[in-house]
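Below is one structure; the comments refer to it alone.
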Amino acid sequence: MNGAPASAPRVVVVGTGPAGVRAAQALVQAGLRPVVVDEGRRDGGQIYRRQPEGFKRPYAKLYGTEAAKAQALHSDFDALRDRIDYRSETLAWNLSEGTLHVVNAGEPQNLPFDALLICSGATDRLMPVPGWQRAGCYSLGAAQIALKAQACAIGSRVVFLGSGPLLYLVASQYVQAGAQVAAVLDTAPAVKSWGALRGLLARPLLACRGLGLIRGLRRAGVPVLQGVTPLAIDGDDTLGVQAVAVRDSAGRQLRFDCNAVGLGWHLRAETQLADLARCEFDFEPVSRQWLPRIDVDGRSSTRGVYLAGDGARILGADGAEAAGRLAALAALADLGHAPGNTLYGAESAALRHTLAKMDRFRKGLACAFPWPHPQAAALPDDAVVCRCEAVTAGELRRCVTDMDSREVNRAKAFSRIGMGRCQGRFCGHAAAEIVAHTCGIPVEQVGRLRTQAPVKPLMMNTREVSP
């Protein structure tokens, strides 16, 4: 690596969200010049996504209460730029032992490493709703990208449907931007369990900030309903979305006119690279998803591979920053790097304490805003589950009843669920719930969709090769 001693360990960081930035910062402070790879054009990740060059919207408008943190992260990364080997718009698409395979502008590259820090972040966790395949349906993350990166709304009258803190954050950002929000519809019950409240009290100021978002939406005249059951996203194939129909907690059917819908049920970890690295996974009952196994410092079960941020545990931006720094220092300690080992000894205990508190909060959020798995079981047979391949709930059920597909990858082989452009990111969790319910077994017994390289579609090289 340029600027580093020949004997310096080769460390590669994937991602420049909060975890990746803090990991790179720790490596630089220890005297290394890491390779930092990011699929995006600019740093910040999803939560602190930067607006394009030339856009002048103030931080307060883009990031709200998190403006100071976003600005600090951006400034710190700017200060690192000439001390790292930064490769933006570069997709990490595969892994082999000791080598990360990436592509930039159609050109493949192989990056050997002694330690790999995967800070891949998370994507929206989506639950199918009848009609969600129509034009005008977006994930919450996509709605955020439109606002931050293109300075536009996804529609002129938007309904936000789902559950979790991101639902209220994105809706609030739209109100702040002057967009018309027709309703915020939350499937989570308004009354939280004691287990949820106990977890949320691990970070009381953050919990109060979330309540403040809800109050702000109501003050702005936005209907906020909790405990709803989604019924359908109405519209047609020509005009797209026209309304959202739900049943409220009192059993009444309601309809909200709109021309766009933002959907999201909290987040799902981006674990494809960890899977390709042959990391072991465990099923977490609280969030009902498979997560890579890590120790308290971020070490995976695969030697030399470290996981931090929402790609390993959904701890939010603050948790990701702490996890990224801790994983980087742990990697340096494991490599026998003296300056890094000194920093690890001085900081690891405090970082672990911070992450333990944030993990309690994470579990409280999962209880307060549960994944509505009964909704998947109740989907009508004609409801589309996989939007990429147009696979319906009925087709998945027939895979179980007619072809004995009691494992999600077997159902994938018969139905093509998860074989489309998103590679199961948007449909995989709901598909597993449908298979499990049809079989009458716990969802963890149907397994998880296995990752295949490339983790995202790649352009084929069409240049002619001489014979």
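Listed by first and then second residue, the pairs with beta-carbon distance under 7 Å, at least 6 apart or on different chains, first residue in the stretch 149-162 and on the phi < 0 side of the Ramachandran plot and among the basic types (Lys, Arg), second open to solvent by 50 Å² or more (accessible area, probe 1.4 Å) and at pLDDT 95 or above, are Arg157/Gln180; Arg157/Asp257; Arg157/Asn259.
Conditions tested, residue by residue: (1) touching a Cys at 6+ places or on another chain (Cβ under 8 Å); (2) among the charged types (D, E, K, R); (3) in contact (Cβ under 8 Å) with a residue 40 or more places away in the chain; (4) more than 19 Å from Ala30 (Cα to Cα).
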site: Trp290; (1), (2), (3), (4): no, no, yes, yes
site: Gly304; (1), (2), (3), (4): no, no, yes, no
site: Leu326; (1), (2), (3), (4): no, no, no, no
site: Gly340; (1), (2), (3), (4): no, no, yes, no
site: Leu355; (1), (2), (3), (4): no, no, yes, yes
site: Phe361; (1), (2), (3), (4): no, no, yes, yes
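Can you find a residue in the stretch 89-98 that is touching a Gly at 6+ places or on another chain (Cβ under 6 Å) and open to solvent by less than 30 Å² (accessible area, probe 1.4 Å)? Before you say what the answer is, go through the steps one by one.
Residues of the stretch 89-98 that are touching a Gly at 6+ places or on another chain (Cβ under 6 Å), as a first pass: none.
Scanning the stretch 89-98, I find no residue that is touching a Gly at 6+ places or on another chain (Cβ under 6 Å) and open to solvent by less than 30 Å² (accessible area, probe 1.4 Å), so the answer is no.
Any chance the stretch 122-134 includes a residue that's surrounded by fewer than 24 Cβ atoms within 10 Å (Cβ to Cβ) and either outside any loop (DSSP other than H, G, I, E, B) or acidic (Asp, Glu) (or both)? Scanning the stretch 122-134 turns up at least one residue that is surrounded by fewer than 24 Cβ atoms within 10 Å (Cβ to Cβ) and either outside any loop (DSSP other than H, G, I, E, B) or acidic (Asp, Glu) (or both).
Ala356 - would you say it is within 30 Å of Leu200 (Cα to Cα), open to solvent by less than 20 Å² (accessible area, probe 1.4 Å) and under 23 Å from the mean Cα position of the chain (by Cα)? Break it down into steps so the answer makes sense when it comes.
On the way: within 30 Å of Leu200 (Cα to Cα): yes; open to solvent by less than 20 Å² (accessible area, probe 1.4 Å): no; under 23 Å from the mean Cα position of the chain (by Cα): yes.
Answer is no for this residue.
So which helices (runs of 4 or more DSSP H) stay within the stretch 193-284 end to end and still have 2 or more residues that are modelled with pLDDT under 95 and surrounded by fewer than 18 Cβ atoms within 10 Å (Cβ to Cβ)?
Numbers: elements: 194-200, 204-219, 272-276.
Once the helices (runs of 4 or more DSSP H) in the stretch 193-284 are filtered for at least 2 residues that are modelled with pLDDT under 95 and surrounded by fewer than 18 Cβ atoms within 10 Å (Cβ to Cβ), what remains is 194-200, 204-219.
If the condition is being acidic (Asp, Glu) and within 23 Å of Asp43 (Cβ to Cβ), then the stretch 91-112 contributes only Glu107. Screening Leu147, Leu167 for residues that are within 24 Å of Tyr63 (Cβ to Cβ), modelled with pLDDT under 95 and in a helix (DSSP H, G or I) leaves exactly one candidate, Leu147. Only one entry of Leu62, Leu116 meets the criterion of being closer than 25 Å to Leu273 by Cα, open to solvent by less than 50 Å² (accessible area, probe 1.4 Å) and within 25 Å of the chain's Cα centre (by Cα), and that entry is Leu116.
Counting just the residues of the stretch 7-20 that are within 24 Å of Arg50 (Cα to Cα) and more than 17 Å from the chain's Cα centre (by Cα), which one comes out surrounded by the fewest Cβ atoms within 10 Å (Cβ to Cβ)?
Once the filter is applied, the top-ranked residue is Val12.
Going by what's in this entry, would Ala182 be described as in contact (Cβ under 8 Å) with a residue 12 or more places away in the chain, outside any helix (DSSP H, G or I), closer than 14 Å to Ala366 by Cα and open to solvent by less than 30 Å² (accessible area, probe 1.4 Å)? Here the answer is no, as Ala182 does not meet what is asked.
On the given criteria, is Ala413 more than 19 Å from the chain's Cα centre (by Cα) and either in contact (Cβ under 8 Å) with a residue 24 or more places away in the chain or open to solvent by 10 Å² or more (accessible area, probe 1.4 Å) (or both)?
Numbers: more than 19 Å from the chain's Cα centre (by Cα): yes; either in contact (Cβ under 8 Å) with a residue 24 or more places away in the chain or open to solvent by 10 Å² or more (accessible area, probe 1.4 Å) (or both): yes.
For Ala413, the condition - more than 19 Å from the chain's Cα centre (by Cα) and either in contact (Cβ under 8 Å) with a residue 24 or more places away in the chain or open to solvent by 10 Å² or more (accessible area, probe 1.4 Å) (or both) - is met.
The values are calculated or read from the model by the stated rules, or taken from the named source; none is laboratory data. Predicted model only: the values in this text are computed from it and were never measured. Don't worry about glycine lacking a Cβ; one is built from the backbone with ideal geometry, like all the others, and counts go over all protein chains shown. Ligands, DNA and RNA are stripped out before the accessible areas are found, and what is left, the full protein with its side chains, is counted by its heavy atoms. Shrake-Rupley method; radii C 1.70, N 1.55, O 1.52, S 1.80 Å.
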